[in-house]
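To start, the structure under review is shown below, and the notes come after it.
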Amino acid sequence: VTRNAVLASPERRVKASLRSPLMLPRLAAVDPELTLDLPPEITAATGLDALTQLIEPFVSVRANPMTDLFCLEGIARVARSLERACCDGGDVAARSDMALASLLGGLALANAGLGAVHGFAAPVGGMFEAPHGAVCAALLPHVILTNIRALHARAPDGEALARYRRVAQILTGRADVEPEDSAKWVAELSRRLRIPALAAYGITAAHTEALVEAAARASSMKGNPLPLTPEELRGILLAAL
């Protein structure tokens, strides 16, 4: 349901996104039964990628009332069903929730854009043999927390902090939360689902500068709720190692 197709060039160690309205499908057949035998580790990584593709458009500078509806519904479905789908792959209701959440995320990102998680994911995936979903899963809690800290410092009266609080309310099922609780919830779920750190793919602190420079140029960064400094980008990457 997007107009994007991603190609990887191992020789050049880059990933490029091709975009054209001609790639939009006339019909998308989303069948959750095709995912019933997906292994738990892939279910976890791709499920957290789906969550990323719902949270990032919701806090994007291009968010709009239509994409908000997609994001809020999708986040709620991930919150109640991702861990269930990982623990019991045959849970059709959980798989259906995740399939619909993934679809809603595609519709949201196609119209509102993404953010710093995907800004990093492209260069990381190009330079290393690291699965996209696993990369997004490893980065997500650290990007959320860094964005929230930056918003407190530079845009405390903006709408993005309230949006992160709304995400936290949906994820935790509680009203009395702070924006930071969204990052905490994601980090705790990632630990339970055994999401590997980026170091598992051979990424070290020595790669930080090259990845930060590439991420800063990524088109996905334009949707982030505010521009992040090189120091903040560096901190995200080091925290995810």
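The values are calculated or read from the model by the stated rules, or taken from the named source; none is laboratory data. Fair warning: this is a prediction, and the values are worked out from it, not measured in the lab. Cβ placement follows ideal geometry from the backbone for every residue including glycine, while neighbour counts extend to all protein chains displayed.
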**Request:** Kindly list, by first and then second residue, each pair from a residue in the stretch 161-179 that is under 12 Å from I148 (Cβ atoms) to a residue that is hydroxyl-bearing (S, T, Y) and surrounded by 13 or more Cβ atoms within 10 Å (Cβ to Cβ), limited to pairs with Cβ atoms under 9 Å and residues at least 6 apart or on different chains.
**Result:** Y164/S182; R165/S182; V167/S182; A168/S182; E178/Y164; P179/Y164
**Request:** With respect to L114, determine if the residue is under 24 Å from L145 (Cα atoms) and in contact (Cβ under 8 Å) with a residue 12 or more places away in the chain.
**Result:** yes
**Prompt:** Can S96 be described as surrounded by fewer than 23 Cβ atoms within 10 Å (Cβ to Cβ) and modelled with pLDDT of 95 or more?
**Reply:** yes
**Message:** Just to be sure before I move on: is A153 in contact with a helix residue (DSSP H, G or I) (Cβ under 8 Å, 6 or more places away or on another chain), assigned to a helix (DSSP H, G or I), modelled with pLDDT of 95 or more and among the hydrophobic types (A, V, I, L, M, F, W, C) in the structure I sent?
**Reply:** no
**Request:** Sort through E41, E33 and tell me the only one that's farther than 20 Å from L171 by Cα, modelled with pLDDT of 95 or more, over 18 Å from the mean Cα position of the chain (by Cα) and in a helix (DSSP H, G or I).
**Result:** E33
**Request:** Could you list, in sequence order, all residues of the stretch 69-93 that are farther than 15 Å from L36 by Cβ and either among the basic types (K, R) or modelled with pLDDT under 95 (or both)?
**Result:** R77, R80
**Request:** Would you mention how many residues in the stretch 139-164 are aliphatic (A, V, I, L, M) and within 18 Å of the chain's Cα centre (by Cα)?
**Result:** 8
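If you take the residues of the stretch 211-236 that are of a type in the set (S, T, Y) and either assigned to a helix (DSSP H, G or I) or in contact with a Lys or Arg (Cβ under 6 Å, 6 or more places away or on another chain) (or both), which of them is surrounded by the fewest Cβ atoms within 10 Å (Cβ to Cβ)?
Kept after step one, since they are of a type in the set (S, T, Y), are these residues of the stretch 211-236: 219-220, 229.
In the following step, the residues that additionally are either assigned to a helix (DSSP H, G or I) or in contact with a Lys or Arg (Cβ under 6 Å, 6 or more places away or on another chain) (or both) were identified as 219-220.
Working: S219: 13, S220: 21.
Filtering the stretch 211-236 for residues that are of a type in the set (S, T, Y) and either assigned to a helix (DSSP H, G or I) or in contact with a Lys or Arg (Cβ under 6 Å, 6 or more places away or on another chain) (or both), the one surrounded by the fewest Cβ atoms within 10 Å (Cβ to Cβ) comes out as S219.
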**Prompt:** Checking R62 against (1) under 27 Å from A116 (Cβ atoms); (2) more than 15 Å from the chain's Cα centre (by Cα); (3) without any contact (Cβ under 8 Å) to a residue 60 or more places away in the chain, which single condition isn't satisfied?
**Reply:** (3)
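Any chance you could count how many residues in the stretch 120-147 are of a type in the set (V, I, T) and either part of a loop (DSSP other than H, G, I, E, B) or over 16 Å from R234 (Cα atoms) (or both)?
0
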